[in-house]
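The values are calculated or read from the model by the stated rules, or taken from the named source; none is laboratory data. Note that the structure is a prediction, hence the values are computed from the model and not measured. Virtual Cβ from ideal backbone geometry, glycine too; neighbours counted across all protein chains shown.
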Amino acid sequence: MDKTDQLDLQVYQFATQMKRIGNAAVRRAREENRRLGLPNVFSRNGIIYYEMPDGRITTESPFKE
């Protein structure tokens, strides 16, 4: 294994670890929002969706302007 292969492996391992940490943080934030009765907001294909505490998903913002 040459230096380039070792570097590629290290980059891959680091990226995998960061993705795992990020996914865990998002999971905890979504759970906390549900516990607090707040909607979870996400985007798919450029459309903003709101997952309401009751599980309903809508494109209408529940936030007051």
For region 44-65, the count of residues that are part of a loop (DSSP other than H, G, I, E, B) and over 16 Å from N33 (Cα atoms) equals 6
A careful count of residues in region 1-49 that are in contact with a strand residue (DSSP E or B) (Cβ under 9 Å, 6 or more places away or on another chain) and either aromatic (F, W, Y) or at positive phi (or both) gives 2
Please tell me if F14 is modelled with pLDDT under 95 and aromatic (F, W, Y). no
If you check N40, N45, which single one turns out to be modelled with pLDDT of 95 or more and surrounded by 11 or more Cβ atoms within 10 Å (Cβ to Cβ)? N40
